[in-house]
Each structure stands twice: as structure tokens, then as C-alpha cells.
1. Does residue 123 fit the bill of being modelled with pLDDT of 85 or more and aliphatic (A, V, I, L, M)?
2. Would you confirm, using the coordinates I've provided, whether residue 75 is at pLDDT 85 or above, assigned to a helix (DSSP H, G or I) and more than 28 Å from residue 145 (Cβ to Cβ)?
3. Among the residues of the range 34-50, is any within 29 Å of residue 155 (Cβ to Cβ), surrounded by 15 or more Cβ atoms within 10 Å (Cβ to Cβ) and either out of contact with any Leu (no Cβ under 8 Å at 6 or more places or on another chain) or modelled with pLDDT of 80 or more (or both)?
4. Could you tell me which residue of the range 112-127 is nearest to residue 18 (Cα to Cα), considering only residues that are part of a loop (DSSP other than H, G, I, E, B) and touching a helix residue (DSSP H, G or I) at 6+ places or on another chain (Cβ under 7 Å)?
5. Scanning for something among the acidic types (Asp, Glu), open to solvent by 60 Å² or more (accessible area, probe 1.4 Å) and under 25 Å from residue 60 (Cβ atoms), does the range 107-127 turn up at least one residue?
6. Could you run through the range 128-169 and say how many residues are in a helix (DSSP H, G or I), surrounded by fewer than 16 Cβ atoms within 10 Å (Cβ to Cβ) and touching a helix residue (DSSP H, G or I) at 6+ places or on another chain (Cβ under 7 Å)?
7. Yes or no: residue 104 open to solvent by less than 50 Å² (accessible area, probe 1.4 Å) and within 27 Å of residue 61 (Cα to Cα)?
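The values are calculated or read from the model by the stated rules, or taken from the named source; none is laboratory data. Because the structure is predicted, anything quoted here is derived from the model rather than measured. Backbone-built Cβ (ideal geometry, glycine too); neighbour counts: all protein chains shown. All accessible areas refer to the heavy atoms of the entire protein, side chains included, with ligands and DNA or RNA removed. Shrake-Rupley method; radii C 1.70, N 1.55, O 1.52, S 1.80 Å.
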Amino acid sequence: MLPKAIANARRASGLRAESYTDAVDIAISAMYTSIATYRVDASRTSVAAVLGLKALSIINGKTSSVDTTSGYEESELESMVNAATATTDDPHDDPSPFHSIVKVLSWALDSHTLTPDEVRILANYELGDKSERAELVEQLGTTREALRKRSLRLRKTLAIALATAGFEL
């Protein structure tokens, strides 16, 4: 699906204002969202085509990633959550991605790996949407490309520190 995501990055009208690197990042993220929210029990003849078109609609803003969280009905989701809760004895055994991110960023602050400003930049850039990134660019008085590179450097610094410290979730 990576070639399809890159093709979407080149051709999608919703990405024309973005740099090529940002466009590829957004296209890959949209493809991941499309794959993650695909209903396995749906009968489709061409799964790849459906995933590609769904990613393209996410990129062009015709479908928001919030609307595509699962494709399941609310009652189905509720029963799945209840079943998962019943089988899990300790909710801390399998933390959610959000809790894992919070734990990693808290560790980065406590260990003085990153400053509070660096954590704010990393969290807002990596977890924020396009408008939040634009707001961060404006606040910092920098360019989108400079912010992307700074976020990449902070992410690498954090990854090295986590590996060195033997950090585990």
C-alpha cells in the first residue's frame, strides 16, 4: 500500500499546498487510517482499491478521520468495549496509545531528556492536525519545514534516550 500512498501524495488535490515530504507523511497517515478502520467483515471484491479510495477521501477532506474510526455501529462498539473490559483484569496491563505517549513524554521531562518547550513542540507537531501545526509555526515564528526538522530531531533524541535507559511501557 506504500506505493499507493506515495501516488496519492503526488496526485491528491488536498496536498498541493504541502511540501512533498509533508504530503507523503499525510498520505501515509491517511492510508494507515484507512487500513486501521477497514471493516474486515465487509465483503468487498477489491480491498486495495477501497483502501486507496478511502485514504484519498481522507486526504481531500471528504471524510474526516474521526468519522472513519471504525465503521461499526455504536451498539457494536459498546459490546466490543464491554467484552474487552470484562476480559482485562488490570487496565494498566495494556495501556492505550494515548497513555503510552503520556508516559513516554512524562519520562522525558522527569529524566531531563527534553525541556517542557520541547515536549510541547513534539506533542503538538506529532499529534496535532494541520491547523495546530500552522498555529505552532506562527507561535514559534519559524517555517513548516524548520518545525518538521526540529520535531524529527526531538523524536530521534527521545528514541535514543529511551533505548539507552532501557525504558519499557
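1. So residue 123 fails the test.
2. On the way: at pLDDT 85 or above: no; assigned to a helix (DSSP H, G or I): yes; more than 28 Å from residue 145 (Cβ to Cβ): yes.
Judged against the criteria, residue 75 is not a match.
3. From the range 34-50, those within 29 Å of residue 155 (Cβ to Cβ) are 34-38; that's our starting set.
This time we only want the ones that are surrounded by 15 or more Cβ atoms within 10 Å (Cβ to Cβ), so: 34, 37-38.
Filter again for either out of contact with any Leu (no Cβ under 8 Å at 6 or more places or on another chain) or modelled with pLDDT of 80 or more (or both), leaving 34, 37.
Checking the range 34-50: at least one residue is within 29 Å of residue 155 (Cβ to Cβ), surrounded by 15 or more Cβ atoms within 10 Å (Cβ to Cβ) and either out of contact with any Leu (no Cβ under 8 Å at 6 or more places or on another chain) or modelled with pLDDT of 80 or more (or both).
4. The selected residue is 114.
5. Looking through the range 107-127, at least one residue is among the acidic types (Asp, Glu), open to solvent by 60 Å² or more (accessible area, probe 1.4 Å) and under 25 Å from residue 60 (Cβ atoms).
6. To start, the set of residues in the range 128-169 that are in a helix (DSSP H, G or I) comprises 130-140, 144-165.
Now narrow it down to the ones that are surrounded by fewer than 16 Cβ atoms within 10 Å (Cβ to Cβ): 130-132, 134-135, 138-140, 145-146, 149, 152-153, 155-157, 159-160, 163-165.
Now drop any that are not touching a helix residue (DSSP H, G or I) at 6+ places or on another chain (Cβ under 7 Å), which leaves 132, 140, 155.
Qualifying residue count for the region: 3.
7. Against the criterion (open to solvent by less than 50 Å² (accessible area, probe 1.4 Å) and within 27 Å of residue 61 (Cα to Cα)), residue 104 does not qualify.
Results for (1) at negative phi; (2) touching a strand residue (DSSP E or B) at 6+ places or on another chain (Cβ under 8 Å); (3) of a type outside the set (Val, Ile, Thr), shown as yes or no for each residue.
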position	(1), (2), (3)
126	yes, no, yes
130	yes, no, yes
138	yes, no, yes
142	yes, no, no
147	yes, no, yes
160	yes, no, no
166	no, no, yes
